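Student: Can you read through this structure? Questions will come right after.
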Amino acid sequence: MKYKTYKYGKDFFRAYERVVGNGWEIGVTFKGKTLFVGNFILQKERTFYWKKLNMALKTFGKKYAFFTKAPNAWFCKFLSDYLYKDYYFYLNRIMPVHHKMHTKNFTRGITTYRRTLKKTRIGTDTKYYLKAA
């Protein structure tokens, strides 16, 4: 588990990265309340986004000054929306790559299936179908 703490005025925000199941979770907390959570399966994407998240937090801190009379709830919501906007922008950028790769692999699978079906079709009467057990 990896942590990085950011001081913002008198308050502290904590960015974390941890293993969850078969992937990783990256998030930001403030006083025990989760402001942002992102999940990743591929290590390459997780590493890239960890760097991107830390840059986004630094940019946010420089761009939007914390004023003392701001309610914490409003400011946390503002930061949360900023981080989710950045996260979904990143996902929209990488999804077409995955879609193209999986479509290509599925097309190859269909071709192999059809070739195999032609070879084994003659003389077989048994067919198996995928169904819930």
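Student: Find all pairs meeting these conditions: Cβ atoms under 7 angstrom apart; at least six residues apart or on different chains; first residue within the stretch 46-63 and in contact (Cβ under 8 Å) with a residue 40 or more places away in the chain; second residue surrounded by 12 or more Cβ atoms within 10 Å (Cβ to Cβ) and part of a helix (DSSP H, G or I).
Tutor: Within 7 Å, the pairs are Y49/Y90.
Student: Which residue out of L53, L79 is surrounded by 14 or more Cβ atoms within 10 Å (Cβ to Cβ), hydrophobic (A, V, I, L, M, F, W, C) and touching an Asp or Glu at 6+ places or on another chain (Cβ under 9 Å)?
Tutor: So the residue among L53, L79 that is surrounded by 14 or more Cβ atoms within 10 Å (Cβ to Cβ), hydrophobic (A, V, I, L, M, F, W, C) and touching an Asp or Glu at 6+ places or on another chain (Cβ under 9 Å) is L53.
Student: Can you tell me which residue within the stretch 30-45, out of those that are closer than 20 Å to F78 by Cβ and surrounded by 17 or more Cβ atoms within 10 Å (Cβ to Cβ), is nearest to the chain's Cα centre (by Cα)?
Tutor: In this case the residue turns out to be G38.
Student: Going through F60, F40 one at a time, which residue ends up being out of contact with any Gly (no Cβ under 9 Å at 6 or more places or on another chain) and aromatic (F, W, Y)?
Tutor: That would be F60, the only listed residue that is out of contact with any Gly (no Cβ under 9 Å at 6 or more places or on another chain) and aromatic (F, W, Y).
Student: Next question, about the same structure. Identify, please: which residue in the stretch 98-118 is of a type outside the set (S, T, Y) and more than 26 Å from the chain's Cα centre (by Cα) and is, among those, farthest from I41 (Cα to Cα)?
Tutor: It comes out as K118.
Student: Out of (1) aromatic (F, W, Y); (2) surrounded by fewer than 13 Cβ atoms within 10 Å (Cβ to Cβ); (3) at pLDDT 85 or above, what's the single condition that is false for Y87?
Tutor: The number of the failed condition is (2).
Student: For the condition under 15 Å from F13 (Cβ atoms), hydrophobic (A, V, I, L, M, F, W, C) and surrounded by 10 or more Cβ atoms within 10 Å (Cβ to Cβ), what is the one hit in F48, F106, F66?
Tutor: Criteria check complete, one pass: F66.
Student: Same structure, new question: Which of the residues belonging to the stretch 57-82 are assigned to a helix (DSSP H, G or I) and of a type in the set (G, A, S)?
Tutor: Answer for the stretch 57-82, where residues must be assigned to a helix (DSSP H, G or I) and of a type in the set (G, A, S): G61, A73, S80.
The values are calculated or read from the model by the stated rules, or taken from the named source; none is laboratory data. Everything quoted here is computed from the prediction, not taken from an experiment. Reconstructed Cβ throughout: ideal geometry from the backbone, glycine too, with neighbour counts over all protein chains shown.
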